[in-house]
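Colleague: Before anything else, here's the structure in question.
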Amino acid sequence: MDDFSSASNKRKRRRGRKLKASPPSPDRSSPSPAPAPVPAPAPAAAGYRGRKPRRHEAPADADAARPPSPPRRGEPKPIANGGDAVAMAVSEASPASWDDVVRVVPCMDAVVKVFCVHTEPNFSLPWQRKRQYSSSSSGFIIGGRRVLTNAHSVEHYTQVKLKKRGSDTKYLATVLAIGTECDIALLTVGDDEFWEGVSPVEFGTLPALQDAVTVVGYPIGGDTISVTSGVVSRIEILSYVHGSTELLGLQIDAAINSGNSGGPAFNDRGKCVGIAFQSLKHEDAENIGYVIPTPVITHFIQDYEKSGEYTGFPILGIEWQKMENPDLRKSMGMKPDQKGVRVRRVEPTAPESGCLKPSDIILSFDGVDIANDGTVPFRHGERIGFSYLVSQKYTGEKALVKVLRDSKVHEFKIRLATHKRLVAAHVKGRPPSYYIVAGFVFAAVSVPYLRSEYGKDYEYDAPVKLLVKHLHAMAESPGEQLVVVSQVLVADINIGYEEIVNTQVLAFNGQPVKNLKNLVTMVENCKDEFLKFDLEYDQIVVLETKTAKAATQDILTTHCIPSAMSDDLKA
């Protein structure tokens, strides 16, 4: 709208206010002249009778009747809290009628507040747990009497409660499934009263760039619902912080704060297009939030419905290299019309190890050609990493992989699976494993263990050798673990060994250590005179067998430790 028309509209609105009738002045002897007739306002919608016309009703002039322009990128729309906020969001996104607004409002009632009491395990002292704490987040009701929220919202839960919008009652919830990789959890409530008068959220399709989105939830622990609005600014494979995985994600410019986790993101039609789950905190970036899109949500729900439990997202157990260099392609025997990626390594425990080999060129996955940079076509004018195709499959399904090997094309039917890393990204709610003998505390390394020992910046503070194993090492056999001496509980029998901390155990009495349970079995069944542990950096620990086993119980009593090993190792 130009400056002239804007000023004109302001004058019109001022004149309209002056035309209102005012009460007669008491010192006047004659009545005031009758005011000019005022055009009748547009009829109010049901429930608003007698109120002043709102700005989303029919405007009085032609310029105001024009549909509002879409919000600029990076400029959130000013939206208030409550049900009226969604009406305003819809009216700003498109010239919607009141009927459209009424269809969107029920989705707000499906958004719930999630209260969780967490009791996290203590990986540094694995025989006990940390002090419990409470958190609040968001969730929303879907079909089948179920509620969706984030996995990190209910991680290590002791109790979960849900509260509906406008209600003063908290209902006990049951956790049905936790998808660690995709950061989604599925809940339900046994009380029938919880489901009364609430319509489940309906899912929409994957939005396009610059589509308007509205994030609804309970950020910063607020008791009333909050609405923020923005647009989709990017669609790509994102790093899921909680799951330590890479899946499809949406980047939006709406604010996502603590407590928004698990809340739905609606499009301008009132359909859910994702779940808010993380944001970018950086000094050079503002208002960058991330949303789990509907393809990932649908995969999680269908995976649970198929087997009654969450089985995870399959991955291709390989490391690959781009083939953008023309000399590299020529040396690998690729023709000018052939494109693909080179296999660097194959995980020995993955099903792919039976057919794929290093230096194979993967040309296509399930009939979709892979480019030299590892991308595949994705909607009009977009490309995305080919791992997206893998993540769309389900655990146990087969995929057709076309491979170039020695200048010949081969096709393999590969059964996809979820692979366990040498250093596990999660313990999935289970307590950590440990084994104690003569004051030596043995544990299996995992990402939560590293975070407990070295803090959230463990990738910078942990020992280099542990980080190399975490980032690059592959398990050579199923169930293989990285076993370390976590610490040494000081006693007379272990004098001189006190400074050993987080050092890998390579072998016991000359036998390689495959995992923690394997170490426990060998030590417990040892008939030799000495217990000899070979550690990294060419260190050795030697203890007399009888003395060590006898001293173990005294050490446990001194440090108030209930057992020499975790329950999962007792067999």
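Colleague: When residue 407 is evaluated against the numbered criteria (1) without any contact (Cβ under 8 Å) to a residue 40 or more places away in the chain; (2) over 20 Å from residue 245 (Cβ atoms); (3) hydroxyl-bearing (Ser, Thr, Tyr), which criterion, by number, is the only one it fails?
Modeller: Failing condition for residue 407: (1).
Colleague: Please go through region 471-508 and give me each residue that is under 28 Å from residue 353 (Cα atoms) and in contact with a helix residue (DSSP H, G or I) (Cβ under 7 Å, 6 or more places away or on another chain), ordered by number.
Modeller: 481, 482, 483, 504, 505, 506
Colleague: Considering only residues that are in a strand (DSSP E or B) and surrounded by 16 or more Cβ atoms within 10 Å (Cβ to Cβ), which ones fall in region 358-373?
Modeller: 361, 362, 363, 364, 365
Colleague: Are there any pairs with C-beta distances below 9 angstrom linking a residue in region 131-149 that is under 15 Å from residue 203 (Cα atoms) to a residue that is in a strand (DSSP E or B) and open to solvent by 40 Å² or more (accessible area, probe 1.4 Å), with the two at least 6 apart or on different chains, and if so which?
Modeller: Sorted first by the residue in region 131-149, then by its partner, the pairs are 142/203; 146/176.
Colleague: Separate question: Right, residue 531: touching a helix residue (DSSP H, G or I) at 6+ places or on another chain (Cβ under 6 Å) and in a strand (DSSP E or B) or not?
Modeller: It is true that residue 531 is touching a helix residue (DSSP H, G or I) at 6+ places or on another chain (Cβ under 6 Å) and in a strand (DSSP E or B).
Colleague: Name the single residue, out of those in region 527-544 being surrounded by fewer than 18 Cβ atoms within 10 Å (Cβ to Cβ) and more than 45 Å from the chain's Cα centre (by Cα), that is nearest to residue 506 (Cα to Cα).
Modeller: Taking the candidates together, the pick is 542.
Colleague: Further, regarding this structure: Pick out the one residue from 94, 153, 124 that is at pLDDT 90 or above, over 26 Å from residue 194 (Cα atoms) and open to solvent by less than 40 Å² (accessible area, probe 1.4 Å).
Modeller: Answer to the selection: 124.
Colleague: Right, something else. Give region 387-404 a look and list any residue that's over 19 Å from residue 298 (Cβ atoms) and touching a residue at least 40 places away in the same chain (Cβ under 8 Å), or say none.
Modeller: The answer is 401, 402, 403, 404.
Colleague: Still on this structure, I have one more. Which of the residues belonging to region 232-255 are open to solvent by 10 Å² or more (accessible area, probe 1.4 Å), farther than 25 Å from residue 314 by Cβ and outside any strand (DSSP E or B)?
Modeller: 253, 255
Colleague: To continue, here is another question. Say we look at region 135-176 and pick out the residues that are among the basic types (Lys, Arg) and outside any strand (DSSP E or B); which of these is nearest to residue 114 (Cα to Cα)?
Modeller: 170
The rows are residues; the columns are (1) of a type outside the set (Gly, Ala, Ser); (2) out of contact with any strand residue (DSSP E or B) (no Cβ under 6 Å at 6 or more places or on another chain); (3) closer than 30 Å to residue 477 by Cα.
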| site | (1), (2), (3) |
| --- | --- |
| 358 | yes, no, yes |
| 362 | yes, no, yes |
| 378 | yes, no, no |
| 382 | yes, yes, no |
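Colleague: Sticking with this one: Any residue in region 498-514 that's among the acidic types (Asp, Glu): show its pairings with residues that are at pLDDT below 95 and open to solvent by 50 Å² or more (accessible area, probe 1.4 Å) at Cβ separation under 7 Å, as long as the two are six or more apart or on different chains.
Modeller: 498/490
Colleague: Now a separate question. For region 545-571, enumerate the residues that are open to solvent by 90 Å² or more (accessible area, probe 1.4 Å) and either β-branched (Val, Ile, Thr) or not in a loop (DSSP other than H, G, I, E, B) (or both). Write out each step before concluding.
Modeller: Of all residues in region 545-571, those open to solvent by 90 Å² or more (accessible area, probe 1.4 Å) come to 546, 553-554, 557-558, 560, 562, 567, 570-571.
Hits for region 545-571 are 546, 553, 554, 557, 558, 567.
Colleague: Do we find that residue 466 is more than 20 Å from the chain's Cα centre (by Cα) and within 23 Å of residue 182 (Cβ to Cβ) in this structure? Break it down stepwise before answering.
Modeller: Working: more than 20 Å from the chain's Cα centre (by Cα): yes; within 23 Å of residue 182 (Cβ to Cβ): no.
The answer is no for residue 466.
Colleague: For region 203-225, which positions are modelled with pLDDT under 90 and of a type in the set (Gly, Ala, Ser)?
Modeller: 221, 222
Colleague: Which condition does residue 229 not pass, out of (1) in contact (Cβ under 8 Å) with a residue 60 or more places away in the chain; (2) part of a strand (DSSP E or B); (3) open to solvent by 10 Å² or more (accessible area, probe 1.4 Å); (4) of a type in the set (S, T, N, Q), if it passes all the others?
Modeller: Only one criterion is unmet by residue 229, namely (3).
Colleague: Let me ask something additional. For region 462-505, what are the residues that are assigned to a helix (DSSP H, G or I) and within 24 Å of residue 532 (Cβ to Cβ)?
Modeller: Once the filter is applied, which keeps residues that are assigned to a helix (DSSP H, G or I) and within 24 Å of residue 532 (Cβ to Cβ), region 462-505 yields 465, 466, 469, 492, 493, 494.
The values are calculated or read from the model by the stated rules, or taken from the named source; none is laboratory data. Model, not experiment: these values are computed from the prediction. Cβ: placed from backbone, ideal geometry, glycine included. Neighbour counts: every protein chain shown. Keep in mind that these areas ignore ligands, DNA and RNA; they rest on the heavy atoms of the full protein, side chains included. Shrake-Rupley method; radii C 1.70, N 1.55, O 1.52, S 1.80 Å.
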